[in-house]
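Right, one structure below, let's go through it.
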Amino acid sequence: MVDEDDLEEIIMSKPGPREAKKMEHDMLNRAASNPVRRKIIKEIGIYGASKEEILSKLGLQETAFKFQIEYLLHQELVKEEEGKYRLTDKGLEIFEMHR
């Protein structure tokens, strides 16, 4: 029988390397499966892009942009530096997959 302390430890434990890799792969697939997110990632590209550049080029409404960019920031696919959005290493993976 599993002791109550052991059960809490099992529940609170972090995923193993295999599970963590699967979770990361699933997250990348979710991000890449959304056409608006893919377009934002492509627009940011290797050199980065400002909010205004992305909105102008893609013709997005600000509310749609805000929702999608927050997702990308939260998933650490994009970062904001000096007024521009830039892709992280994980974001570059998606960019390269959909070039």
Which listed residue, of 87, 72, 60, 77, is over 21 Å from residue 23 (Cα atoms) and buried (at least 17 other Cβ atoms within 10 Å of the Cβ):
60
Any idea which of 77, 55 is out of contact with any Pro (no Cβ under 8 Å at 6 or more places or on another chain), within 27 Å of residue 25 (Cβ to Cβ) and not aromatic (Phe, Trp, Tyr)?
77
Which is modelled with pLDDT under 95, more than 19 Å from the chain's Cα centre (by Cα) and either under 16 Å from residue 98 (Cα atoms) or surrounded by 10 or more Cβ atoms within 10 Å (Cβ to Cβ) (or both), of 53, 8?
8
Please specify each residue of segment 60-99 satisfying the condition of being in contact with a helix residue (DSSP H, G or I) (Cβ under 8 Å, 6 or more places away or on another chain), touching a residue at least 40 places away in the same chain (Cβ under 8 Å) and part of a helix (DSSP H, G or I).
71, 72, 90, 91, 93, 94, 95, 97
Anything in segment 16-50 that is assigned to a loop (DSSP other than H, G, I, E, B) and exposed (fewer than 11 other Cβ atoms within 10 Å of the Cβ)? List them, or say none.
16, 46, 47
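The values are calculated or read from the model by the stated rules, or taken from the named source; none is laboratory data. All values derive from a computational prediction rather than experimental measurement. Cβ: placed from backbone, ideal geometry, glycine included. Neighbour counts: every protein chain shown.
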